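Since the structure comes first, as structure tokens, the remarks are kept for the end.
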Amino acid sequence: MAAVTQMDEAKPSRRENRAPGLGGHFLVTPLVAGLLVAATLLSAVWVVERQAMDRRMHEGLDRLAQIRTGIESQLNQAANASVGMAAMIEVNQGVDKVALRLMAERMLERTPVIRSFAIAPDNVIAMSIPLEGNRAAIGLDLSRHPIQRGSLLQTMETGQPVLGGPYELVQGGYAVIHRVPVFFDRDGDGQRDYWGVVSTPIGVMKLFHAAGVRGLLETDDFAARGMDGLGADGAIFLGTPALFDSPDTLKTAVIALDGRWQLAMSPSAASPLLIWSERLAKLLAVLSGLLVAWVALRWQMQQRRLIESEHLLRDVTSNISDVVFRADTQGQLVYVSPAYERLVGRSFRDLLGGSWINLFPARERRRVREAFAALPPENPRLVLKSLLGDRDGRELSIELRVERLGDHDGGRAGLVGTLTDLSDRHALEQLEGLATAVFDGVGDAIVILDRRRRVLAVNPGFERLTGVPSSQIVGERLNTPRVMGPSRSRLQSCLRGLRSRGRWQGELPCQLPDGRERILHWSMDTLRDDRGRLRRYVAVIIDVTSRHQQLEAMYHRAHHDNLTGVLNRAGLEERFEQARQHALRQGGHIALAFVDLNGFKPINDTLGHHVGDEVLREVAGRLESVGRGEDIVARLGGDEFVVAFYGVRTAESIQSLGANLRERIEAPLVVPGTMQLLRIQASIGFAFFPDEADTLNGLMRRADRAMYEAKSRGEDSAVVRADALDAAKRK
């Protein structure tokens with residue numbers, strides 16, 4: 001039975017084999033549940049919103065229909081009144097002013113949207129009822145009116161009433177005008193002749209107010225279009241034009257006598273209470289979905305923790321190097337981890353069901369049993385060094401840790417213990433001792449940092465190099481410390497190299513705390529754990545200042561004249577190429593002067609080479625004092641020098657430089673150690689970059705020719721430009 005228990009615990013169950021797949025769907029189920037709940041509730045809210053919107057839409061359509069009916073009713077009443085006035089004139093075959101006025105006043109009382117009646121025989125308004133407020137219209141010839149003439153001609157041609165406008169009336173205000181032509185036999189020939197027209201202005205605002213749109217006009221929720229009865233093709237004459245462009249606007253057509261108008265109205269907005277109720281319902285729907293997702297997530301997390309704890313127990317007991325064993329209340333083994341077999345080379349299955357003391361060799365069992373039996377009740381844990389015997393007869397040093405377990409009722413529930421192999425620990429301790437000896441004894445500086453670049457340890461070599469004791473730097477964060485120099489870009493380059501390649505090397509100039517300027521070579525490596533996570537940085541620092549100084553001295557000797565200290569031919573070529581590239585990028589110019597000392601050989605022959613050397617050093621110093629810091633002075637050999645001036649643009653500047661050079665060179669010279677006064681003369685030739693040549697050799701050839709031209713003139717200190725020399729030859 002015990003063996004079966006061991007096998008069951010050592011072998012993962014089918015359910016456990018499926019458990020790792022849970023991680024991929026850990027968040028899916030709660031999110032889906034929450035989304036379904038939220039989507040269901042939001043759908044319900046949306047349905048209610050649509051119903052409320054449809055209800056407001058139907059209410060708006062009903063109101064718009066009422067407005068349309070009111071407008072059509074008012075227009076029809078006004079049209080009937082206008083037709084009646086025209087019929088009365090036709091019956092009387094002329095104007096009976098008294099009867100016509102009585103009838104018009106009665107019509108105006110019954111139809112308040114009519115502003116007046118205008119009687120226009122031969123198209124000229126002769127009578128207006130009422131006259132008050134309409135005097136300006138008397139005498140108006142409608143056939144000549146630029147706006148109203150169109151509707152007049154239409155009614156004359158068709159013989160039918162016409163609704164025109166809205167128009168701006170000469171007596172003030174806006175109105176649509178219903179015109180009714182009047183025909184009767186004027187000359188007794190039995191034919192109906194055109195007599196004139198009855199015009200009935202209908203006030204636009206009165207018309208729409210009577211139809212019930214006053215409040216809508218005040219809130220810009222109503223508009224009308226259809227000038228001259230053109231319907232949707234006519235211009236807007238009332239309200240906000242933007243209403244006709246909105247997809248939510250309610251629209252309807254009004255049959256305006258012989259024409260059409262189109263009305264537009266915004267649907268009634270939801271009440272603030274309804275809007276806030278809808279928003280609150282949406283918020284509650286989302287919160288409900290989140291609550292469901294949270295509850296499902298909590299439940300799933302509990303299930304996951306349970307499965308993970310089972311996995312953890314299995315992984316810990318099966319894979320750790322320590323032997324884990326479990327015994328029941330009688331001290332009989334019910335579980336021994338596979339590490340026992342790896343450690344001693346024998347199967348643990350023969351031990352199951354026997355006393356846990358049998359894990360140890362015979363000569364160790366009594367000592368272990370007595371030590372465990374002597375445990376006090378308040379301290380049920382035993383830690384003891386002992387031995388195990390492997391299958392080859394060797395004894396392994398181990399550490400035993402065993403503890404009594406209690407059940408829920410306070411009684412004993414057996415014991416659990418571990419056996420730790422101490423062989424690797426001893427070897428590790430020896431290795432650590434060796435590493436410590438190397439760390440302390442090596443001459444190079446070594447720094448160990450944690451993953452946040454805090455200093456964990458420095459060796460004595462670091463203290464000797466920097467003069468900083470370990471007590472002052474351990475625990476500090478290494479950002480841009482004195483030992484790495486002030487360049488933060490170098491630090492960022494170092495960190496990028498460590499992240500991408502795991503190693504960085506570089507040489508950094510720095511100033512040590514004692515003020516010494518040094519150059520240090522850094523070699524930094526990263527240490528990672530078995531999962532690839534960064535744990536440590538290790539830096540080895542070497543002082544390479546002497547090597548750099550030697551290299552700099554070698555470079556200086558290779559590029560400078562040993563006698564005068566100015567550049568030699570190699571140094572001139574390197575510096576000029578830098579100046580040339582800079583001039584090409586910036587569009588600059590360079591003037592190159594070739595200087596040759598006149599009569600220098602007699603000085604060497606008569607006064608000695610040591611005097612000649614002093615003269616050459618003095619001339620080199622004077623040449624350096626003429627230009628600026630970026631200008632170039634070089635000695636080619638003997639008494640020949642080259643001076644390159646950067647940024648020179650004009651011939652006048654070159655003449656000024658030549659004069660300055662000549663003045664400096666010709667200044668009297670007292671040879672050190674003697675009282676002898678010398679005067680030096682020179683011939684100077686100039687060449688101009690890039691006009692005359694774009695390479696150093698080309699410029700030197702041009703300047704050399706110009707210098708020899710100066711010599712050929714017999715002048716000791718002549719200045720000649722190469723381009724001037726070419727011009728002279730062409731002549």
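Here is a list: 575, 585. Which entry is out of contact with any Phe, Trp or Tyr (no Cβ under 7 Å at 6 or more places or on another chain) and without any contact (Cβ under 8 Å) to a residue 40 or more places away in the chain?
Selected residue: 585, the only one of 575, 585 that is out of contact with any Phe, Trp or Tyr (no Cβ under 7 Å at 6 or more places or on another chain) and without any contact (Cβ under 8 Å) to a residue 40 or more places away in the chain.
Taking region 331-345 on its own, how many of its residues are over 15 Å from residue 418 (Cβ atoms) and surrounded by 14 or more Cβ atoms within 10 Å (Cβ to Cβ)?
4
Out of 685, 714, which single residue is out of contact with any Asp or Glu (no Cβ under 6 Å at 6 or more places or on another chain), modelled with pLDDT under 85 and either of a type in the set (Asp, Glu) or not in a helix (DSSP H, G or I) (or both)?
Result: 714 is the single residue among 685, 714 that is out of contact with any Asp or Glu (no Cβ under 6 Å at 6 or more places or on another chain), modelled with pLDDT under 85 and either of a type in the set (Asp, Glu) or not in a helix (DSSP H, G or I) (or both).
Given (1) out of contact with any Lys or Arg (no Cβ under 6 Å at 6 or more places or on another chain); (2) closer than 14 Å to residue 391 by Cβ, identify the lone condition not met by residue 345.
Of the numbered conditions (1) out of contact with any Lys or Arg (no Cβ under 6 Å at 6 or more places or on another chain); (2) closer than 14 Å to residue 391 by Cβ, the odd one out for residue 345 is (1).
Which of the residues spanning region 260-290 are in a helix (DSSP H, G or I) and in contact with a helix residue (DSSP H, G or I) (Cβ under 8 Å, 6 or more places away or on another chain)?
Result: 274, 278, 281, 282, 284, 285, 286, 288, 289, 290.
I want to confirm something. Restricting to region 654-692 and keeping residues that are closer than 17 Å to residue 619 by Cα and acidic (Asp, Glu), which single residue is nearest to the chain's Cα centre (by Cα)?
Selected residue: 663.
Within region 594-653, how many residues turn out to be farther than 14 Å from residue 561 by Cα and in contact with a Ser or Thr (Cβ under 7 Å, 6 or more places away or on another chain)?
2
Output the residues belonging to region 597-625 that are farther than 18 Å from residue 677 by Cβ and buried (at least 18 other Cβ atoms within 10 Å of the Cβ).
620, 623
Yes or no, residue by residue, for (1) among the basic types (Lys, Arg); (2) exposed (fewer than 14 other Cβ atoms within 10 Å of the Cβ); (3) at pLDDT 85 or above:
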{"position": "10", "(1), (2), (3)": "no, no, no"}
{"position": "13", "(1), (2), (3)": "no, yes, no"}
{"position": "17", "(1), (2), (3)": "no, yes, no"}
{"position": "34", "(1), (2), (3)": "no, no, no"}
{"position": "50", "(1), (2), (3)": "yes, yes, no"}
{"position": "58", "(1), (2), (3)": "no, yes, no"}
{"position": "67", "(1), (2), (3)": "no, no, no"}
{"position": "83", "(1), (2), (3)": "no, no, yes"}
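On the given criteria, is residue 539 surrounded by fewer than 20 Cβ atoms within 10 Å (Cβ to Cβ) and small (Gly, Ala, Ser)?
Criteria not met by residue 539.
Could you check how many residues of region 641-656 are at pLDDT 85 or above and buried (at least 17 other Cβ atoms within 10 Å of the Cβ)?
Here the count works out to 6.
Among what's in region 177-188 and is within 15 Å of residue 142 (Cα to Cα) and of a type in the set (A, V, I, L, M, F, W, C), pick the residue that is nearest to the chain's Cα centre (by Cα).
177
Would you say residue 552 is acidic (Asp, Glu), in contact with a His (Cβ under 8 Å, 6 or more places away or on another chain) and outside any strand (DSSP E or B)?
Against the criterion (acidic (Asp, Glu), in contact with a His (Cβ under 8 Å, 6 or more places away or on another chain) and outside any strand (DSSP E or B)), residue 552 does not qualify.
Taking residue 43 as the residue in question, decide whether it is farther than 30 Å from residue 324 by Cβ, in the same structural domain as residue 208 (by TED's automatic domain parsing), among the hydroxyl-bearing types (Ser, Thr, Tyr) and at pLDDT 80 or above.
For residue 43, the condition - farther than 30 Å from residue 324 by Cβ, in the same structural domain as residue 208 (by TED's automatic domain parsing), among the hydroxyl-bearing types (Ser, Thr, Tyr) and at pLDDT 80 or above - is not met.
What number of residues in region 182-194 are surrounded by fewer than 21 Cβ atoms within 10 Å (Cβ to Cβ) and touching a residue at least 12 places away in the same chain (Cβ under 8 Å)?
Total meeting the criteria: 5.
Which one of the conditions (1) in contact (Cβ under 8 Å) with a residue 40 or more places away in the chain; (2) more than 60 Å from the chain's Cα centre (by Cα); (3) farther than 18 Å from residue 199 by Cα does residue 83 fail to meet, given that it meets all the rest?
Failing condition for residue 83: (3).
Only one residue in 475, 502, 497, 506 is of a type in the set (Gly, Ala, Ser) and modelled with pLDDT under 75, so which one is that?
Selected residue: 497, the only one of 475, 502, 497, 506 that is of a type in the set (Gly, Ala, Ser) and modelled with pLDDT under 75.
Whether any residue in region 20-28 is touching a His at 6+ places or on another chain (Cβ under 8 Å) and within 30 Å of residue 296 (Cα to Cα) is what I want to check.
Yes, that holds for at least one residue.
Looking only at region 368-385, count every residue that is at pLDDT 85 or above, touching a Leu at 6+ places or on another chain (Cβ under 9 Å) and surrounded by 14 or more Cβ atoms within 10 Å (Cβ to Cβ) and tell me the total.
Looking only at that region, the number is 5.
Within region 103-203, which strands (runs of 3 or more DSSP E) (wholly inside it) include 2 or more residues that are within 29 Å of residue 223 (Cα to Cα)?
The strands (runs of 3 or more DSSP E) meeting that bar are 117-121, 162-168, 174-184, 193-203.
So that you can scan it fast, the table gives a plain yes or no per residue for (1) among the basic types (Lys, Arg); (2) in contact (Cβ under 8 Å) with a residue 12 or more places away in the chain:
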residue: 610; (1), (2): no, no
residue: 617; (1), (2): yes, yes
residue: 627; (1), (2): no, yes
residue: 632; (1), (2): no, yes
residue: 642; (1), (2): no, yes
residue: 646; (1), (2): no, yes
residue: 659; (1), (2): no, yes
residue: 665; (1), (2): no, yes
residue: 672; (1), (2): no, yes
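So, of the residues in region 657-674 that are over 18 Å from residue 624 (Cα atoms) and hydrophobic (A, V, I, L, M, F, W, C), which turns out to be surrounded by the most Cβ atoms within 10 Å (Cβ to Cβ)?
Residue satisfying both the conditions and the ranking: 671.
Go through region 332-385 residue by residue and tally those that are within 18 Å of residue 399 (Cα to Cα), in a helix (DSSP H, G or I), free of Cβ contacts under 8 Å to residues at least 60 places away in the same chain and not aliphatic (A, V, I, L, M).
Residues in region 332-385 being within 18 Å of residue 399 (Cα to Cα), in a helix (DSSP H, G or I), free of Cβ contacts under 8 Å to residues at least 60 places away in the same chain and not aliphatic (A, V, I, L, M): 11 in total.
The values are calculated or read from the model by the stated rules, or taken from the named source; none is laboratory data. Just so it is clear, the structure is predicted and the values come from calculations on it, not from any experiment. Glycine also receives a Cβ, built like all others from the backbone with ideal geometry; neighbour counts cover every protein chain displayed.
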